[in-house]
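Participant: Quick one: this structure, given as structure tokens, is what I'll be asking you about.
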Amino acid sequence: MVNNTSLKHILSLELSTGKKTFLLEKNIHSLGRSSSNSIIINHRVTSRHHGSIIKVIYQDEKEDKFDIAFWILDGDFKGNKSRNGLFVNTKKVDIYKLSPGDIIILGGIEIKGKYDILNIDSKEFLSVIHKENPQNVTSFITTEKEIFHSDMLTENSEDSDYQELKHIETENNYCTDSIAELIEGIIFIDIHTSKIIDCNQSFIKMLDYEKKEDIIKLSLENIFTIDKEILEDDIKLLISDKYESVLRHSAIKQKENEFLPVQVKVRAVSQGERNLICISILDIAEERKLEELLRYRSYHDLITNLPNYKLFKEHLFSVLANYHSNEEGNIALVLVKINEWKEIGYNYNYEVAELILKKVSKKFKKLISAQDILYHWRDDEFAFLLAQNTVEYLDKIKYEILQIAQQPFLVQEEEIQISFSIGNASYPADGNYDEILLQNADRTLVENYYEYIKNK
């Protein structure tokens, strides 16, 4: 048994504004412009859901060890491809098994990434150590204890019938009733022809069919439409007897062409002298919805439902990279502070404060165009990211912000008067990078706020 927790899978993205490195630990990392992605790349050449990185765990339970590899998929797990394509090592791909040192291009050369494995003890990359033959290093080995600390399993995994399957001595029995009761869905495949030869009732229901015969008529490609190449690779490795099972997330195609998020476990089994591939399938649609909800909440303010400071930083970094590659591009950053926020907190309860924030955000949203973005990034501060960086447009937005404060806000039958301090900075005149732009905008905001305090 090998315990090598010092090896970490990483994805480094290079933009014109700088470099960002992401640790690949989740079962699926989605990439694209949408804030629902786990890795947000807000660039004009990327699609809303441009690609997905899939974690595959190869299990050798006899020696209590696991190998891990990552595949990259063009598009999302609903069958939608990206607009400008996915390239690995200059070749356009739909799906690809990554090796250390692989260069990934998402839609255009402006968005370039590199997959690698880092030894955090020696500070060395495996792509450098194995430069002559990187294909030899596609995974690392770790212990079962460490793997089960990841988000691979559902929240109730300890009690899950699906996980209990590995403890069942009758696992190799051919589609018995006991297995059917324990598994959400199960299918058996002929190891030589790759044809479906049997399945249980739960799997039939998963695909929204009525009879077993309907399933047996289908090919694996009909069901695993999105990642059939991964399944084919899984089966080859199991036939070679290198591993006992393979575990990963996937999506299966239902009768009405909808895709159901699932967790699959693929293993080789025997029925007498007949060798089969058994695929156990767990419906994780609710788990996926929960993950998306948690991700949304981490990027949005729960009071105003606006993007928060975390998402603002992601957007600003990516948007500046977009404009760096387009000499005609310009943007403006406007920060707005509610001057009376401390007094509101002192004189009123939290419900009043929340209602004021909601009313302010609602009025602010009416000021901007579809290309602009409004953020609530601190308790008393909002940020505008304006795509139209002209003096006239910037002055118009600032004037309209101040006009909102001319009338008191009616909250719980009481009129509350507030005012705003404003700071702004423009790209490229006030800074070429996100931190510089933020510093200049914040500096003018603080100056104007101190002027308000002075004249109060």
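The values are calculated or read from the model by the stated rules, or taken from the named source; none is laboratory data. These figures come from a predicted structure and were not determined experimentally. Every residue, glycine among them, receives a Cβ derived from its backbone with ideal geometry; neighbour counts consider all protein chains shown.
Participant: So Tyr427 fits all but one of (1) at pLDDT 90 or above; (2) touching a strand residue (DSSP E or B) at 6+ places or on another chain (Cβ under 7 Å); what number is the exception?
Facilitator: Failed condition: (1).
Participant: Within region 254-262, identify whether any single residue is within 23 Å of Glu25 (Cβ to Cβ), aromatic (Phe, Trp, Tyr), touching a Lys or Arg at 6+ places or on another chain (Cβ under 9 Å) and touching a residue at least 60 places away in the same chain (Cβ under 8 Å), and answer yes or no. Give the steps one after another, and end with the answer.
Facilitator: Taking region 254-262 first, the residues within 23 Å of Glu25 (Cβ to Cβ) are 261-262.
Restricting the remaining residues to those that are aromatic (Phe, Trp, Tyr) gives none.
Among the residues of region 254-262, not one is within 23 Å of Glu25 (Cβ to Cβ), aromatic (Phe, Trp, Tyr), touching a Lys or Arg at 6+ places or on another chain (Cβ under 9 Å) and touching a residue at least 60 places away in the same chain (Cβ under 8 Å), which makes the answer no.
Table: residues versus (1) part of a loop (DSSP other than H, G, I, E, B); (2) of a type in the set (Gly, Ala, Ser); (3) in contact with a strand residue (DSSP E or B) (Cβ under 6 Å, 6 or more places away or on another chain); (4) modelled with pLDDT of 90 or more.
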site: Leu231; (1), (2), (3), (4): no, no, no, yes
site: Ile235; (1), (2), (3), (4): no, no, yes, yes
site: His249; (1), (2), (3), (4): no, no, yes, yes
site: Asn257; (1), (2), (3), (4): yes, no, no, yes
site: Leu260; (1), (2), (3), (4): no, no, yes, yes
site: Arg267; (1), (2), (3), (4): no, no, yes, yes
site: Lys289; (1), (2), (3), (4): no, no, no, no
site: Arg295; (1), (2), (3), (4): no, no, no, no
site: Phe312; (1), (2), (3), (4): no, no, yes, yes
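Participant: Of the residues that sit in region 199-228 and are in contact with a strand residue (DSSP E or B) (Cβ under 6 Å, 6 or more places away or on another chain) and crowded, with 18+ Cβ neighbours inside 10 Å, which one is farthest from Trp71 (Cα to Cα)?
Facilitator: Only one residue fits best here, namely Asn200.
Participant: When the residues of region 383-413 are narrowed to those that are without any contact (Cβ under 8 Å) to a residue 40 or more places away in the chain and of a type in the set (D, E, K, R), which ends up farthest from Glu351 (Cα to Cα)?
Facilitator: Glu392
Participant: Of everything in region 414-432 that's surrounded by fewer than 18 Cβ atoms within 10 Å (Cβ to Cβ) and small (Gly, Ala, Ser), which residue is farthest from Tyr348 (Cα to Cα)?
Facilitator: This residue is Ala429.
Participant: For region 117-133, which positions are in a strand (DSSP E or B) and buried (at least 21 other Cβ atoms within 10 Å of the Cβ)? Full working, then the answer.
Facilitator: Filtering region 117-133 for residues in a strand (DSSP E or B) gives 117-119, 124-125.
The answer is Ile117, and nothing else.
Participant: Got at least one residue in region 79-88 being out of contact with any strand residue (DSSP E or B) (no Cβ under 7 Å at 6 or more places or on another chain), closer than 23 Å to Leu15 by Cα and either surrounded by fewer than 16 Cβ atoms within 10 Å (Cβ to Cβ) or of a type in the set (S, T, N, Q) (or both)? If you could, list the steps in order and put the result at the bottom.
Facilitator: Step one: of region 79-88, the residues out of contact with any strand residue (DSSP E or B) (no Cβ under 7 Å at 6 or more places or on another chain) are 80, 83-84.
Remaining after also requiring closer than 23 Å to Leu15 by Cα: 83-84.
Still in the running and either surrounded by fewer than 16 Cβ atoms within 10 Å (Cβ to Cβ) or of a type in the set (S, T, N, Q) (or both): 83-84.
The answer is yes; a qualifying residue exists.
Participant: Considering Asp234, Asp283, which residue is in contact with a Pro (Cβ under 9 Å, 6 or more places away or on another chain), over 30 Å from Lys310 (Cα atoms), in the same structural domain as Leu218 (by TED's automatic domain parsing) and of a type in the set (D, E, K, R)?
Facilitator: Working: Asp234 fails: in contact with a Pro (Cβ under 9 Å, 6 or more places away or on another chain).
Exactly one residue qualifies, and that residue is Asp283.
Participant: With the requirement that a residue be assigned to a strand (DSSP E or B) and either at pLDDT below 90 or within 19 Å of Ser47 (Cα to Cα) (or both), what does region 23-37 give you? Talk me through it step by step, then tell me what you get.
Facilitator: Taking region 23-37 first, the residues assigned to a strand (DSSP E or B) are 23, 28-32.
If the condition is that a residue be assigned to a strand (DSSP E or B) and either at pLDDT below 90 or within 19 Å of Ser47 (Cα to Cα) (or both), then Ile28, His29, Ser30, Leu31, Gly32 are the ones that fit.
Participant: In region 344-400, what residues are at pLDDT 90 or above, of a type in the set (A, V, I, L, M) and within 19 Å of Ile331 (Cβ to Cβ)?
Facilitator: Leu367, Ile368, Ile373, Leu374, Ala383, Leu385, Leu386, Leu394, Ile397
Participant: Within region 366-377, which residues are farther than 11 Å from Thr304 by Cα and touching a residue at least 40 places away in the same chain (Cβ under 8 Å)?
Facilitator: Here is the first cut: in region 366-377, the ones farther than 11 Å from Thr304 by Cα are 366-373.
Across region 366-377, the qualifying residue is only Ile373.
Participant: Moving to a separate point now. Could you check how many residues of region 246-282 are surrounded by fewer than 20 Cβ atoms within 10 Å (Cβ to Cβ) and not hydrophobic (A, V, I, L, M, F, W, C)?
Facilitator: Within region 246-282, residues that are surrounded by fewer than 20 Cβ atoms within 10 Å (Cβ to Cβ) and not hydrophobic (A, V, I, L, M, F, W, C) number 12.
Participant: Still on this structure, I have one more. Could you please give the count of residues in region 269-287 that are assigned to a helix (DSSP H, G or I) and of a type in the set (Ser, Thr, Tyr)? Explain how you work it out, then say what you get.
Facilitator: Initially, region 269-287 is screened for residues assigned to a helix (DSSP H, G or I), giving 285-287.
Retained after the next criterion (residues that are of a type in the set (Ser, Thr, Tyr)): none.
Selection size over region 269-287: 0.
Residues are listed down the side, and each one gets a yes or a no for (1) farther than 16 Å from Tyr115 by Cα; (2) in a loop (DSSP other than H, G, I, E, B); (3) small (Gly, Ala, Ser):
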residue: Ser47; (1), (2), (3): yes, yes, yes
residue: Ser52; (1), (2), (3): no, no, yes
residue: Lys55; (1), (2), (3): no, no, no
residue: Leu73; (1), (2), (3): no, no, no
residue: Asp76; (1), (2), (3): yes, yes, no
residue: Ser82; (1), (2), (3): yes, yes, yes
residue: Phe87; (1), (2), (3): no, no, no
residue: Pro100; (1), (2), (3): no, yes, no
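Participant: So which residues in region 52-104 are in contact with a Ser or Thr (Cβ under 8 Å, 6 or more places away or on another chain) and of a type in the set (Phe, Trp, Tyr), if there are any at all?
Facilitator: Tyr58, Phe66, Phe77
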